[in-house]
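Only one structure is covered here, and it is reproduced in the block below.
The numbers here are math on the coordinates, done by the rules we state, and not lab data. Since this is a predicted model, take the numbers as computed values, not measurements. FYI the Cβ positions are ideal-geometry reconstructions off the backbone, even for glycines, and counts take in every protein chain you see.
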Amino acid sequence: KKKLKISGRELSSIPSQVFGLDQLQVLEISPERESCLRYRMELLPPEISHLRNLTCLYLDSNNLKKIPAEIGTLSHLERLTLSNNSLSSLPPEMGALQSLHSLHLANNRLTELPAPLCQLRSLTFLDVSDNKIGTIPSSIRHLNKLETLLLLFNSLESLPEDICLLRNLRTLWLGNNHLRSLPVSFGELVNLDWGYNYCSCNFEGNPLESPPPEVCSRGPEEIRDYFLSFHRT
């Protein structure tokens, strides 16, 4: 793959020459953590649309506050990393990225799960942990290829019943939210088998009451039985 990595102390913009590299497939503008470089790029230029062959775009740990609408023209993009920035929203055009299967948005300023994300039907990995997300829309059911969903360290008080339609989920991290209950059909997520894989699902740091934590810790079958017991009585 044709790859370019840009680094520099206190980087604040992408050199304009980069946008002439129309055969570029991988662009990385993320500082190495060990390097202590402070990247200050607040805006991704609209000229990013010139790089139509990009499959991977790494933009972690900048100071991005806005993503341009032109991101939606990158039809070959498969992996996009935007963690550790200052994003509070995403453009509707991001919903056009139908080849995208991995999206990293941890540690931003999102207060809701952006609607365009629920149009990304090829997505298998989504990390929106460490934001301030208060609600998950029912349209999350459209992400039926999703295998990993990381929601820890947010402000969730409930989950939509539709999240239980994501039957391919193998990893769901919900730790450190404000969840008091789980959806009634949560036990249908049978691939979340933390009996064999402790990391499969995480509830720690929630004031769970229904089901109580000791039931949750025993896996999806126990959760299903817990809710079924209410229907029997």
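Suppose the chain between ASN168 and GLU10 were pulled fully straight at 0.36 nm per residue; how much longer would it get relative to their current alpha carbon spacing?
Working it through step by step, the gained length comes to 52.8 nm.
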Explain nothing, just the number: dipole magnitude of region 61-154 about its Cα centre with +1 on each Lys and Arg Cβ and -1 on each Asp and Glu Cβ, in debye rounded to the nearest 20.
100 debye
Under the Karplus relation 6.51 cos²θ - 1.76 cosθ + 1.60, θ = phi - 60°, what is the ordered set of whole-Hz ³J(HN,Hα) values for region 84-97, x standing for Gly and Pro?
6, 10, 10, 7, 10, 7, 10, x, x, 4, 5, x, 7, 7
Please identify every one of the GluC sites (Glu not before Pro) in region 1-102 that sits in a loop by DSSP and has no more than 12 other beta carbons within 10 Å of its own beta carbon.
GLU10, GLU32
Charges on Cβ only, +1 for Lys and Arg, -1 for Asp and Glu, centred on the Cα centroid of region 3-232; of LEU152, CYS118, LEU43, which one is farthest towards the dipole's positive end?
LEU43
Length gain on complete extension for the stretch GLU47 to LYS3, per 0.36 nm per residue less the alpha carbon to alpha carbon distance?
14.1 nm
Could you work out how far helix 220-232 tilts from the main Cα principal axis of the chain, as a 0 to 90 degree angle to the nearest 10?
50 degrees
Could you work out how far apart the two model spin labels at SER158 and ASP22 are, taking each label as a point 7 Å from the Cα in the direction of the beta carbon, and quote it in nm?
5.1 nm
Straight-line reach check, LYS5, cutoff 29 Å on alpha carbons, 8 or more apart in-chain or any other chain, hits among lysines -> LYS65, LYS66
What size of dipole, in debye to the nearest 20, comes out for the chain about its Cα centre when the only charges are +1 on Lys and Arg C-beta atoms and -1 on Asp and Glu C-beta atoms?
580 debye
For region 98-166, what class follows from the C-alpha gyration tensor (a ≥ b ≥ c being the square roots of its eigenvalues): rounded when a/c is under 1.5, otherwise prolate if a/b is larger than b/c, else oblate?
oblate
Which of PHE230, PHE125 comes first, and how do the rest follow, when ranked by fewest Cβ neighbours within 10 Å?
PHE230, PHE125
Report the one residue of ALA106, ALA69, LEU54 whose Cα lies farthest in the direction of the positive end of the charge dipole of region 21-116 (charges on C-beta: Lys and Arg +1, Asp and Glu -1; origin at the Cα centre).
ALA106
Quick one: net charge around LEU208, please, counting Lys, Arg +1 and Asp, Glu -1 for every other residue with C-beta under 11 Å from its C-beta.
-2
Taking 1 over the mean of 1/r across every pair of different Cα atoms in region 3-232, what Kirkwood radius in Å do you get?
18.7 Å
Tell me, what is the percent relative contact order of the chain, built from C-alpha pairs under 8 Å that lie six or more residues apart?
10 percent
